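One structure is given below, encoded as structure tokens.
The values are calculated or read from the model by the stated rules, or taken from the named source; none is laboratory data. Because the structure is a prediction, the values reported are computed rather than measured. Methodologically, a virtual Cβ is constructed for each residue, glycine included, from the backbone with ideal geometry; neighbour enumeration extends over all protein chains shown.
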Amino acid sequence: MDLLTVSHLGKQQQGAAVVKDISFTLSPFHKVAIAGETGSGKSTLLKMIAGLAPVDEGVVLFNGQRVKGPHEVLLPGHPAIAYLSQHFELRNRYTVAEVLERVNQLDEAAASEIYRVCRITHLLHRGTDQLSGGEKQRVALARLLGTAPQLLLLDEPYSNLDMIHKQLLKAVIKDIGEQMNITCMLVSHDPQDMLSWADEIMIMQDGVIAQQGAPQQVYHQPVNTYAAGLLGRYHLLEAAAAKALQAGAPPKGKRLFVRPEQFIITTQPDKALKGKVNAVTFYGSYYEMEVALPKDSITLITMHPQAAPGSTVHIALAPGERWYL
């Protein structure tokens, strides 16, 4: 049985449709990430699923039962669905332990396990006004988990976090799914947050689901340039460039879709595009090379700087399936 069923969901705000006829199901322990530009309806969709925003059209079923909207219940929200907003608040002049105990529904052992998973055991006696942003985020998450939810909805959980706290929170969210058997849905703007975590990615565009599939499929086979751009940089090569790379001519009206890491430097000029290196930029774990072609320029990603600016190089395609847009 599906944990969550969303059927023909719709929502209007100020006379404009922000969510339009959305339907999908979610199985237990299946990790889903939702991507989309600002205003595409991501947060509104999560709030309707959680029972925190009214549903204008359609229905949300959780374990086969309809999720009631905020106007139908005394306290908004479904008791088994936890929603973590990017605008969460913690009470001031309280210790972390006091904040958590106010809502905790678990026994001492289960609560201690949540604190361990959220990496906040050492923070329990600290005041909430003495926490960093990342520590507050993990405390807010532990507070939600203390209500024993079956579904956790995370709305931009990594926003405004430095790299150290972001990596720590990513490890926490991973452990929540694997160690606590809680199903998670996550909204993020960063493709790296989604591609490495999700079992499935949903692309939202203008209130509808434009594409839905496994991370590898959505990344390498986007349905349009909008979906392609949300998950990283890309190039669309016209027929002449595609033929030069021996990828074959694109179908009529289509262009060859290539991610930067799918280009390689080659010594075979008859199977490549000739260009001049304009710039080489170091990004820690990789380099980006900007190469000027006769009618365009491309960016490729490489582990080592294989040519200096001003050098002439030949660019080929790495082996693999081709995609056209």
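Which one is surrounded by the fewest Cβ atoms within 10 Å (Cβ to Cβ), of the residues in segment 97-139 that are part of a helix (DSSP H, G or I) and in contact with a Gly (Cβ under 8 Å, 6 or more places away or on another chain)? Among them, the one singled out is Ala111.
Here's the yes/no breakdown for (1) of a type in the set (S, T, N, Q); (2) assigned to a loop (DSSP other than H, G, I, E, B); (3) surrounded by 19 or more Cβ atoms within 10 Å (Cβ to Cβ):
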position: Met1; (1), (2), (3): no, yes, no
position: Ser7; (1), (2), (3): yes, no, no
position: Ser23; (1), (2), (3): yes, no, no
position: Phe29; (1), (2), (3): no, yes, no
position: Ser43; (1), (2), (3): yes, no, yes
position: Val59; (1), (2), (3): no, no, no
position: Val73; (1), (2), (3): no, yes, no
position: Arg91; (1), (2), (3): no, yes, no
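Of all residues in segment 297-325, those that are free of Cβ contacts under 8 Å to residues at least 24 places away in the same chain have Cβ atoms under 8 Å from Cβ atoms of residues that are assigned to a strand (DSSP E or B) and among the charged types (D, E, K, R), 6 or more apart or on another chain, in Ser297/Glu290. Each residue in segment 254-278 was checked for being modelled with pLDDT under 90 and either within 23 Å of Ala228 (Cβ to Cβ) or aliphatic (A, V, I, L, M) (or both), and 0 of them qualify.
Here is a yes/no grid of residues against (1) at pLDDT 95 or above; (2) exposed (fewer than 14 other Cβ atoms within 10 Å of the Cβ); (3) within 33 Å of the chain's Cα centre (by Cα); (4) under 30 Å from Ala227 (Cβ atoms):
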position	(1), (2), (3), (4)
Gly284	no, yes, yes, yes
Lys295	no, yes, no, yes
Met303	no, yes, yes, yes
Ala307	no, no, no, no
Glu321	no, yes, yes, yes
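Would it be correct to say that Ile49 is in a strand (DSSP E or B) and under 19 Å from the mean Cα position of the chain (by Cα)? No; evaluated as a whole, the condition is false for this residue. Picking from residues in segment 207-230 that are in contact with a strand residue (DSSP E or B) (Cβ under 8 Å, 6 or more places away or on another chain) and small (Gly, Ala, Ser), the one that is nearest to Gln262 (Cα to Cα) is Ala228.
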